[in-house]
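The values are calculated or read from the model by the stated rules, or taken from the named source; none is laboratory data. Predicted, not measured: the structure shown is a model, and the values here were computed from it. Cβ sites come from the backbone with ideal geometry, for glycine too, and all protein chains shown count toward neighbours.
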Amino acid sequence: MSGSGSSSAVEITGVVRDASGTPVTGAHVLFTDGPQPLPDIAAMTDAEGRFSLSAPRAGVYTLTCRADPLSGPPGTAEATVRVRPPQPEALLAGRMLVDLTLG
């Protein structure tokens with residue numbers, strides 16, 4: 001594989017669900033803390049509650065999720081994610097899965 005650099009970005013993907021386990025469409029997932037000052041990196045969930053964010057480098061990040069206040073379930077969800085530098089030999093190098101439940 002050829003690349004244009006040695007980026008250590010890691011893709012964080014997951015699904016947001018409500019308390020009953022139903023995927024939440026249109027929820028906002030964003031980084032609220034990280035190893036460096038973060039620009040406004042956020043994602044919106046799709047029709048199946050899925051989201052994807054890119055952590056710019058290794059470190060500990062806090063993800064916070066809020067549903068659309070007009071159409072989504074109440075509450076927020078939070079997760080702490082430890083991002084490690086991608087390992088070339090790892091099957092899922094550069095990817096992490098995080099599921100969030102609102103409530």
Subject >> Single match in Ser52, Ser7, Ser2 (criterion: at pLDDT 80 or above and polar (S, T, N, Q)) >> reply: Ser52
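Would it be correct to say that Phe51 is in a strand (DSSP E or B), within 14 Å of Asp99 (Cα to Cα) and aromatic (Phe, Trp, Tyr)?
Working: in a strand (DSSP E or B): yes; within 14 Å of Asp99 (Cα to Cα): yes; aromatic (Phe, Trp, Tyr): yes.
Judged against the criteria, Phe51 is a match.
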Subject >> Scan of the range 49-76 for residues that are charged (D, E, K, R) and over 15 Å from the mean Cα position of the chain (by Cα), ordered by number >> reply: Asp68
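Pick out the one residue from Val24, Val60 that is at pLDDT 90 or above and buried (at least 19 other Cβ atoms within 10 Å of the Cβ). Break it down stepwise before answering.
Working: Val60 fails: buried (at least 19 other Cβ atoms within 10 Å of the Cβ).
Exactly one of Val24, Val60 is at pLDDT 90 or above and buried (at least 19 other Cβ atoms within 10 Å of the Cβ), namely Val24.
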**OP:** Could you please let me know if Pro35 is farther than 12 Å from Thr13 by Cα, assigned to a loop (DSSP other than H, G, I, E, B) and at pLDDT below 85?
**Re:** no
Subject >> Every pair of residues 6+ apart whose Cβ atoms lie under 7 Å, when the first sits in the range 70-90 and is farther than 15 Å from Gly49 by Cα and at pLDDT 75 or above while the second is of a type outside the set (A, V, I, L, M, F, W, C) and not in a loop (DSSP other than H, G, I, E, B) >> reply: Glu78/Thr62; Glu78/Thr64; Thr80/Thr62; Val81/Tyr61; Val83/Gly59; Val83/Tyr61
**OP:** List the number of the failed condition for Ala47; all other conditions in (1) touching a Gly at 6+ places or on another chain (Cβ under 8 Å); (2) loosely packed, with under 13 Cβ neighbours inside 10 Å hold.
**Re:** (1)
Original post:
For the subset of the range 77-89 comprising residues that are assigned to a loop (DSSP other than H, G, I, E, B) and under 15 Å from Glu11 (Cβ atoms), which member is nearest to the chain's Cα centre (by Cα)?
Top reply: Arg84
